[in-house]
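These notes are about the structure you will find just below.
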Amino acid sequence: MNAYGYPGSVMSDPLVEARGLVKRFGDIVAVDGIDFEVRAGEVFGFLGPNGAGKSSTMRMIGAVSPVSAGHLRVFGLDPATDAPRIKAQLGVVPQEDNLDTELTVEENLYIYGRYFDLPREVIRRRIDELLEFAQLTERRDSRVEPLSGGMKRRLTIARGLINQPRLMILDEPTTGLDPQARHVLWDRLWRLKQQGVTLIVTTHYMDEAEQLCDRLVIMDHGKIVAEGSPRELIERHSTREVLELRFPVGVEPPPESAYNGMAKRIEILADRTLLYSDDAERTLAELSERGIHPEQTLVRRSTLEDVFLKLTGRTLVD
Amino acid sequence: MATPAALRFFERQARVYRHTWRGSVVSTFVQPVFYLLAMGLGLGSLVDRQGGPEGLPYLVWLAPGLLAAAAMQTGAGEGAWPVMAGIRWVKFYQAALATPLTVRDVVLGHFGWVTARLGMVAVVYVGVIWAFGAVDLLSGLAAVLPAVLVGLAFAGPVTAYTAGLERETGLSSLFRFGIVPLFLFSGTFFPISQLPGWLQPLAAFTPLWHGVELTRWAALGLPTAFPPAVHVAVLVVLFASGVWLSMVRLTRRLVV
Ligand SMILES: Nc1ncnc2c1ncn2[C@@H]1O[C@H](COP(=O)(O)OP(=O)(O)OP(=O)(O)O)[C@@H](O)[C@H]1O
Ligand SMILES: [Mg+2]
């Protein structure tokens, strides 16, 4: 307990705290003993390939999936005993849309507000604001079915905001959307961040994670393999720049030994070769001196994608 | 003041009904009219030449049985498709469980709504029966409560059954091999004493038969096979165990 009268309301306390958190489904260990903390006001990311255990973690935080082992506190409360109190202060965007297709856009927000036991006048007021925020004011009386994928996602986010949550958990909010719709959606998340809403986001998209997340963890096979800000992670696990080489299809790419001494790290992938160095332009110049002539070359900065490749030996995007 | 959580889920169900009531009201009216015309008047004119059951005109004897059977169908239907929609087709159960509502709230709200639906269906049915002159209004209304109970005695177990179903084909099997035979052989259309001797005790085990006994007792004052309290108890136990099992199975299904 504290001066505010209930546990977890002091700003410096983490909103979410996990120690040795485990989730099992029968013999499958979906989450294998992870530790992390999410603080008020930050955007915290979970990155990882399919099956890494991101959704399982999100569902435990959301108090809809029982913890198999370890310690988990959300707002200082135990999900096993205080689920309704946790959920009352949470906004949830699940990986799989579960909007109510038997109701209209507006009714989706209204009924959700009622689930949180908000007074009807309060809900009405918030609906206007949230429809505006989700850019769905014109679709107010529409059923959910005919909405585009991006609109549905935005409605799900609006629905999750109806109770003015302290913490919002978004499980792959942009997966399956076209770039335009993704852009609109990430712009909305950016606004939430600026309003000080704490966000936990999972994603496959490194570029987005890099821009939005203050801190993130990379998950693989149920474990956290790295943690930090995007910049820290890149500095720690990769070089400043990368030279990407593509060779014509059917031509055997040169072996690693061909690049001896040119790069700090070399990755030969199915479709391209990556040379990690702090000055990729110079590496490029050296390349032609050695008589290596790829079909295409690209000099770019290191991204989280490269960090992921280094840590897991795999590319992230399917 | 806080609204009880189950009532908030009830509100969702009522909201959905606002979109669908027109179609539902039509079938609620049309079904009893058709049955009473075809069976009560049509078939009844043949039956009454031999003297109807219990010395009553067939239409009069049949009507409370039809009421119980309609309640069974409504109850079973409400335990089947809306529940499948909640779990799989629409997933509004999962959506509700992400909020402060618990499985218990959802289940209680669900049955609360089913009770309301059964009340509507039974009242309309009694109104139609009354319009056919087959019952006086007060006795007819006395049968509403037993009819609602019949519906719940089916809604409970059917909800629990649906809660564990992986695929919806299980629902059509339930109706084909469960609900339809009950409809035909539980004393709705003819007294079970007309069945072959070995089938009679079987018929007496079916929940619909208990319900039919009760509605005829309430509407027509006919004597029941067992004391009415026994018939009521059977139906209440069915309903209560259905509610309990629904909570257990939905928790197992949704809280993973
Ligand atoms: N309800 C469940 N029953 C059994 N196994 C499950 C269940 N949910 C998840 N799993 C398994 O747990 C592991 C982790 O799954 P999870 O959905 O958490 O991964 P994810 O990181 O969210 O993947 P994706 O990017 O595909 O969404 C997977 O092997 C998955 O098959
Ligand atoms: Mg997932």
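Every number here is computed from the coordinates shown, using simple stated rules; none is lab data. All of these numbers come straight from a predicted model, not from anything done at the bench. Here Cβ is always computed from backbone atoms with ideal geometry, including for glycine, and neighbour counts include all displayed protein chains.
Please give the net charge around residue A:194, taking every other residue with its beta carbon less than 15 angstrom from that of residue A:194, where Lys and Arg add +1 and Asp and Glu add -1.
Residues close to residue A:194 contribute a combined charge of 0.
First measure r as the distance between the Cβ atoms of residue B:22 and residue A:69, then evaluate 1/(1 + (r/R0)^6) with R0 = 60 Å and state the FRET efficiency to the nearest 0.05.
That gives a FRET efficiency of 0.70.
As a test of the formula, what do you get for chain B when each DSSP H run with n ≥ 4 contributes -39,500 (n - 2.57) and the sum is divided by the residue count, at 222 nm and rounded to the nearest 500 deg cm²/dmol?
Helices in chain B give a 222 nm mean residue ellipticity of -23500 deg cm²/dmol.
With each pseudo-label sitting 7 Å past Cα toward Cβ, what's the residue A:195-residue B:137 distance in nm, one decimal?
Rounded to a tenth, the inter-label distance reads 5.4 nm.
Among DSSP beta bridges whose residues both lie in the protein assembly as shown, state the antiparallel percentage, nearest 5.
65 percent
Based on the alpha carbon coordinates of region B:1-139, what radius of gyration and maximum Cα-Cα distance (Dmax) apply, in Å?
In Å, with Rg to one decimal and Dmax whole: 19.0, 63.
Would you mind pulling out the separation of the Cα centroids of region B:3-75 and region A:266-318, in Å?
73 Å
By its C-alpha gyration tensor, with a ≥ b ≥ c as the square roots of the eigenvalues, how is region A:1-131 shaped: rounded for a/c under 1.5, else prolate for a/b larger than b/c, else oblate?
oblate
Among A:149, A:250, A:48, whose mean-square fluctuation peaks in a Gaussian network model of chain A (Cα, cutoff 10 Å)?
Result: A:250 has the largest fluctuation of those listed.
Using a/c under 1.5 as the rounded threshold, could you call region A:127-213 rounded, prolate or oblate? The axes a ≥ b ≥ c are square roots of the C-alpha gyration tensor eigenvalues, and prolate needs a/b larger than b/c, oblate otherwise.
Oblate, since a/c reaches 1.5 and b/c is not below a/b.
What FRET efficiency would be calculated for the residue pair residue A:13, residue A:252, taking the C-beta separation as r and a Förster radius of 56 Å, to the nearest 0.05?
Step by step, r from the Cβ atoms, then E = 0.45.
Per the Kirkwood formula on distinct C-alpha pairs, the Rh of region B:89-176 is how many angstrom?
15.2 Å
Let me check I've understood the local charge: for residue B:203, count other residues with C-beta under 15 angstrom from its C-beta, Lys and Arg +1, Asp and Glu -1. What total comes out?
In short, 0.
Using a cut-off of 12 Å between beta-carbons, work out the net charge of the residues near residue B:97 (Lys and Arg +1, Asp and Glu -1, residue B:97 not included).
Combined, the nearby Lys, Arg, Asp and Glu give +4.
Taking every residue in B:87-98, how many Cβ atoms of other protein chains lie within 10 Å of its Cβ, on average?
Average neighbour count from other chains, rounded to a whole number: 6.
Mind checking the log10 I(q)/I(0) for the protein assembly as shown at q = 0.10 Å⁻¹? Debye, one equal scatterer per Cα, no solvent, two decimals.
-0.90
Comparing B:219, B:63, B:229, which has the greatest mean-square fluctuation in the GNM of chain B with Cα pairs linked when under 10 Å apart?
Highest fluctuation among the options: B:229.
Send over the semi-axes of chain A's equivalent ellipsoid, whole angstrom and largest first, taken as the square roots of 5 times the C-alpha gyration tensor eigenvalues.
Semi-axes (√(5λ), whole Å): 41, 24, 17.
Assuming R0 = 30 Å, can you tell me the calculated FRET efficiency for the pair residue B:244 and residue A:120, based on Cβ-Cβ distance, to the nearest 0.05?
0.35
For chain A, what does the helix formula give at 222 nm: sum of -39500 (n - 2.57) over DSSP H segments with n ≥ 4, over the residue count, nearest 500 deg cm²/dmol?
-10000 deg cm²/dmol
Could you state the angle between the C-alpha long axis of helix A:120-133 and the longest principal axis of the C-alpha atoms of chain A, as a value from 0 to 90 degrees rounded to the nearest 10?
It is inclined by approximately 20 degrees.
Place a point 7 Å from Cα of residue B:41 in the direction of its Cβ. Which residues in region B:97-137 have their backbone N less than 11 Å from it?
Within reach of a label on residue B:41, which here means backbone N under 11 Å from a point 7 Å along Cα→Cβ, region B:97-137 contributes B:132-133.
For the pair residue A:278 and residue A:81, how long in nm is the line joining their label points, each one 7 Å along Cα→Cβ?
About 5.3 nm separates the two model spin labels.
Which residue, A:293, A:268, A:257, has the largest displacement toward the positive end of the dipole of region A:239-301 when charges sit on each Cβ (Lys, Arg +1; Asp, Glu -1)?
With unit charges placed on the Cβ atoms, the residue in question is A:268.
Above 14 Å lies some portion of the pair distances; for region A:221-295, what is it as a whole percent of all C-alpha pairs?
64 percent
Which three lengths, in whole Å and largest first, does chain B cover when its Cα atoms are put on their principal axes?
62, 39, 33
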